[in-house]
Amino acid sequence: VMDNSDRASFEKVTRTFTFYKTASLEWVEKHFQHIETLSAPQLARLGPPEYLEERKKRFVDAVLMNDTYIHQILLPMEGLFDQPEEDGVMVQPGEEPLPRTQAKIKTPKRSDIDKVRSVLRQHVREWSTEGRREREICFDKILNELELRFPLQNPGDPTMMERRNIQVLNPGAGLGRLAWEIARRGFASQGNEFSFYMLIPSNFILNNCSANRIMISPYLSTTSNVLSLSHLLQPVSIPDVDPTDLPPESRFSMAAGDFTEIYTEPETWDSVVTAFFIDTAHNVIDYIETIHKILK
């Protein structure tokens, strides 16, 4: 159940995703307005006018491609947290509504739009063929260690039922790939994530997507370490696997919320694995103490 604060955060993130198209098209327009200020000899160096028009169209098409994907990930969220309303603001029964000033719709900040762009890039690492090498470096050591500590006595069993009751928690699950890989190896896997920027697309990928169904342009706003326009506008197909391809009767879930607040029951998890998580702590000792407490 979400309180007013959680709901306000959720609505802020969905509004930011929705605003991505407007912000990105403004960025493209400003980019080409700068080009138009060049002198005639400088413009000639860039090629004929048709080339610039074609280049602008490619940028716009890339923005629209990403916006199409964003609409798809937001669709399953519609009505997800519907509650009784008062003056147009959703509230829990018995809970005071947010003041009008807080409920007022605001234009997302540039830093928030940058989070959307960052999440689009993270899709590459977690759910694309192009990200396979990075996953091998980041995730394989964790997965290999899990399989070493909990070896299968019957490796030929495709159901891997003997691991079904080995509970593995992955806090800071991001877009869910590592938690999914753990479940694919037969473990009872749960991913935990705090950020709605991650939870919204991971929900779509894990529950509403088939292999290579979606095309995105994740590098569109990445202007560093780019050798050519084709690199900047390179489309990427996601996901590279079928997320439903899990062992029969697999136990896999994602939990939303703050790690230290949700996981308080002592000795409930056989293993806790993390990647790109520990360094997010305001107080890393809190994370370590929580992990120590919940491990069997």
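Quick one: pull the percent of accessible area on the stretch 192-262 belonging to carbon and sulfur, 1.4 Å probe, ligands and nucleic acids left out. Taking all protein chains in place, the stretch 192-262 shows 49 percent carbon and sulfur surface. Approximating the spin labels as points 7 Å out from Cα along Cα→Cβ, the ASN154-to-HIS292 distance works out to 3.9 nm.
One decimal place: the segment ASP245-VAL226 gains 3.3 nm when fully extended, by the rule 0.36 nm per residue minus the C-alpha distance. Build a GNM of the chain with springs between Cα atoms under 10 Å apart, and of ILE113, ILE200, ILE35 the one that fluctuates most is ILE35. The order of the peptides 115-124, 254-263, 170-179 by mean Cβ neighbours within 10 Å, most packed first, is 170-179, 115-124, 254-263. The distance from the alpha carbon centre of the stretch 100-166 to that of the stretch 168-189 is 7 Å, rounded to a whole number.
Pairs from the table (LYS21/LYS57; LYS115/LYS293; LYS141/LYS296; LYS30/LYS115; LYS21/LYS56) lying more than 24 angstrom apart at Cα are LYS115/LYS293.
Look at (1) 1.08; (2) 1.17; (3) 1.21: the one that is Cα Rg over 2.2 N^0.38 Å derived from this structure is (2).
At R0 = 45 Å, how high is the FRET efficiency between GLU162 and LYS30 if r is their beta carbon distance? Nearest 0.05 is fine. Working from the Cβ atoms, E equals 0.20. Protein heavy-atom accessible surface, 1.4 Å probe, per residue over the chain: 56 Å².
Subtracting the Cα-Cα distance of ALA8 and ASN207 from 0.36 nm times their residue separation leaves 69.2 nm of extension gain.
The slack in the chain from THR22 to ARG121, taken as 0.36 nm per residue of separation less the alpha-carbon distance, amounts to 33.8 nm.
The values are calculated or read from the model by the stated rules, or taken from the named source; none is laboratory data. All figures in this text were calculated on a predicted structure; none of them were measured in a lab. Virtual Cβ from ideal backbone geometry, glycine too; neighbours counted across all protein chains shown. Protein only, heavy atoms only, side chains kept; ligands, DNA and RNA dropped before computing areas. Shrake-Rupley method; radii C 1.70, N 1.55, O 1.52, S 1.80 Å.
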